[in-house]
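Student: The structure is given below, and queries will be raised subsequently.
The values are calculated or read from the model by the stated rules, or taken from the named source; none is laboratory data. Since we're looking at a predicted model, the values are computed, not measured. Glycine gets a Cβ as well: all are built from the backbone with ideal geometry, and neighbour counts include every protein chain shown. For accessibility, only protein heavy atoms count, side chains too; no ligands or nucleic acids. Shrake-Rupley method; radii C 1.70, N 1.55, O 1.52, S 1.80 Å.
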Amino acid sequence: MASNDKNASLAVIDYEALANKDGGEIQKLVQACESVGMFHLSLGNSRMKAIYEDIPNLLEAGSAFFSLPSDSEEKRQSLREGMERGYHAAKTFEYYEARCTRLVICPLPVLTVLSRQIARDEYLQGKWALPASLSPYEERITRILQGLNRVIHTVLAELCDSVQVDLAELSDDPMVPSDTALKLVYKPPVQEPGAVVQPWHTDFGLMTTMWYEEVSAQIPVYDAEGKRTEDWQAVPVVDGALLVNIADQLEAKCHGRLRSTVHRAVTPPGPKKERRGLVYLLRPYKG
Ligand SMILES: O=C(O)CCC(=O)C(=O)O
Ligand SMILES: [Fe+2]
């Protein structure tokens, strides 16, 4: 069935309360992750709100890069064929890996969905070759990467504690090569609103945080027993909040207690617009 105009009603978890180990907030978090596996994480006035302030600027930088012609020197130098690991339903995507970053190009429609992935380990080891149009933003990218990493680890620590998973076993050493990456998402306004730009999938790895300018993601509608139906609902944008979902590796670690969220990416509603966002994928290798 096609998507409809339903809006998902996801829990809004307060980051500061979580960082202060508020029992009620932790319970709300666990409940959200056991049911749909996705929630909004409000940064509000927390010490992490700087992430939020840095994002719009970084998106501008991303647009400058993505709007370069596909045969430009900068883009060509970033390309190198590569593969992402693990199960992903978005197998129709082509993946290219730059010397120290990854550039993902979706062929539907050809060369119109671009996202740039910055591999964390290479970045932290100083092996990160930033294209000229992004290099003035290096400091901001660093701050965002570190901030998102801290936020995601705060959430992860509370979840692991609640579902008796040994956090140390997950071994997320930032210097060890992994697929953990920061991904800049950009899509020019060529498709009708609500068009599916990435088919449904679950993420591999532990957890993902996303930020979108406008509604850009959908999740299935679930029935009263929590079973997935054929219908889809839009994931609203909540001001001051990141969107977070559980991924396959964490679901497996806790024997399915936390749900790896099925989701898909869509173009924003309303008149045709650019689709812009920022995604941080925590994907250490150790299972
Ligand atoms: O927003 C997008 O383009 C896709 C985000 C996503 O679901 C992913 O990278 O796994
Ligand atoms: Fe995803």
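Student: Please work out the ratio of the alpha-carbon Rg of the stretch 1-62 to 2.2 N^0.38 Å and round it to two decimals.
Tutor: On the way: Rg = 15.0 Å, N = 62, 2.2 N^0.38 = 10.6 Å.
This ratio for the stretch 1-62 stands at 1.42.
Student: For the pair residue 49 and residue 169, what calculated FRET efficiency results from E = 1/(1 + (r/R0)^6), where r is the Cβ-Cβ distance and R0 = 30 Å, to the nearest 0.05?
Tutor: Numbers: r = 31 Å, r/R0 = 1.05.
After rounding to 0.05, the efficiency reads 0.45.
Student: Could you work out what % of the accessible surface of the stretch 113-242 is carbon and sulfur, using a 1.4 angstrom probe and leaving DNA, RNA and ligands out of the count?
Tutor: Values: 2630 of 5150 Å².
Of the solvent-accessible surface of the stretch 113-242, carbon and sulfur hold 51 percent.
Student: Still on this structure, I have one more. Please identify the trypsin sites (Lys or Arg not before Pro) of the stretch 1-46 that satisfy two criteria: DSSP loop assignment and at most 13 other Cβ atoms within 10 Å. Which are they? Each step should come with its number before you reach the end.
Tutor: Working: sites: 6, 21, 28; in loops: 6, 21.
Counting only loop positions with at most 13 other Cβ atoms within 10 Å, the trypsin sites (Lys or Arg not before Pro) in the stretch 1-46 are 6, 21.
Student: So, by mean Cβ neighbours within 10 angstrom, what's the order for 242-250, 59-67 with the highest one leading? Provide the component values of the computation, followed by the final result.
Tutor: Working: 242-250: 24.2, 59-67: 17.9.
Sorting 242-250, 59-67 by mean packing, highest first, produces 242-250, 59-67.
Student: Right, next: Could you tell me the calculated FRET efficiency between residue 124 and residue 221, based on Cβ-Cβ distance and R0 = 30 angstrom, to the nearest 0.05? Show your work: numbers first, answer last.
Tutor: Details: r = 40 Å, r/R0 = 1.34.
My answer for the efficiency is 0.15.
Student: Right, next: Which of the three applies to the stretch 119-277, rounded, prolate or oblate, going by the alpha-carbon gyration tensor with a ≥ b ≥ c and a/c under 1.5 meaning rounded?
Tutor: Numbers: a/c = 2.17, a/b = 1.05, b/c = 2.07.
Judged from the Cα gyration tensor, the stretch 119-277 comes out oblate (a/c at least 1.5, b/c at or above a/b).
Student: Still on this model: With label points built 7 Å along Cα→Cβ from the Cα atoms of residue 22 and residue 200, find their separation and express it in nm.
Tutor: Computed distance between label sites residue 22 and residue 200 equals 3.4 nm.
Student: Let me ask something else about it. Any aspartates and glutamates with Cα under 12 Å of the residue 227 Cα? List them, leaving off those in the same chain fewer than 8 positions away.
Tutor: Here the aspartates and glutamates satisfying the reach criterion relative to residue 227 do not exist.
Student: Could you tell me how far the Cα centroid of the stretch 138-167 sits from the Cα centroid of the stretch 238-287, in Å?
Tutor: Cα centroid to Cα centroid, the span is 14 Å.
Student: Further question: Calculated FRET efficiency, residue 157 and residue 255, Cβ-Cβ r, R0 25 Å, to nearest 0.05?
Tutor: Values: r = 19 Å, r/R0 = 0.76.
Given R0 = 25 Å and the Cβ-Cβ separation, E is 0.85.
Student: 7 Å from Cα along Cα→Cβ at both residue 60 and residue 230: what's the point-to-point distance in nm?
Tutor: With each label point 7 Å from Cα toward Cβ, the separation is 4.7 nm.
Student: Further, regarding this structure: Considering only Cα-Cα distances, which of the following residue pairs are longer than 31 Å: 6/49; 21/273; 49/187; 6/183; 6/272? Walk me through the numbers before you get to the answer.
Tutor: On the way: 6/49 29 Å; 21/273 40 Å; 49/187 26 Å; 6/183 27 Å; 6/272 20 Å.
In this structure, 21/273 exceed 31 Å between Cα atoms.
Student: Please give, to one decimal in nm, the separation of the simple spin-label points placed at residue 35 and residue 73, each 7 Å out from Cα toward the Cβ.
Tutor: 5.5
Student: Turning to a different aspect of this structure: Using C-alpha positions alone, give me the convex hull volume of the stretch 144-217 per residue in cubic angstrom.
Tutor: Working: hull volume 10.0 nm³, N = 74.
Roughly 136 Å³ of hull volume per residue.
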